[in-house]
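Please treat every number below as a calculation from the coordinates, not as lab data. This structure is a prediction, so every number in the text was calculated from the model and none was measured. Glycine also receives a Cβ, built like all others from the backbone with ideal geometry; neighbour counts cover every protein chain displayed.
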Amino acid sequence: MKYEYILETLSILGAKKTKDSANFLKPSLYIKHKETGIKYTVSKIKIIKNKPIVFCYRYYGPKNNKKVYIKLSLKDFNKFSPV
């Protein structure tokens with residue numbers, strides 16, 4: 001799959017193209033870990049060595065005021081589903 005094709009596809013889905021990445025600006029784009037049910041917000045997608053890497057975060061803590069970040073590679077995609 002070509003880099004340009006991936007960026008164009010992500011752009012159609014609501015991403016904003018930058019120099020070397022695609023940023024999703026809508027806070028409602030969630031993914032859910034299938035096994036645990038934990039939801040994450042997609043914040044950025046980068047193409048590194050022709051493979052997509054998805055950066056996500058979620059809030060946690062007693063007042064949901066702390067963030068935890070995760071980085072998903074292609075092998076992790078089947079562990080998540082859109083919400």
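Between their Cα atoms, which of Lys32/Lys75; Lys19/Lys75; Lys39/Lys71; Lys2/Lys49; Lys46/Lys67 are more than 22 Å away from each other? Walk me through the numbers on the way to the answer.
Values: Lys32/Lys75 15 Å; Lys19/Lys75 25 Å; Lys39/Lys71 14 Å; Lys2/Lys49 11 Å; Lys46/Lys67 20 Å.
Beyond 22 Å between Cα atoms: Lys19/Lys75.
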**Request:** Starting from the Cα of Lys49, step 7 Å along the direction of its Cβ; do the same at Glu35; then give the gap between the two resulting points in nm.
**Result:** 2.4 nm
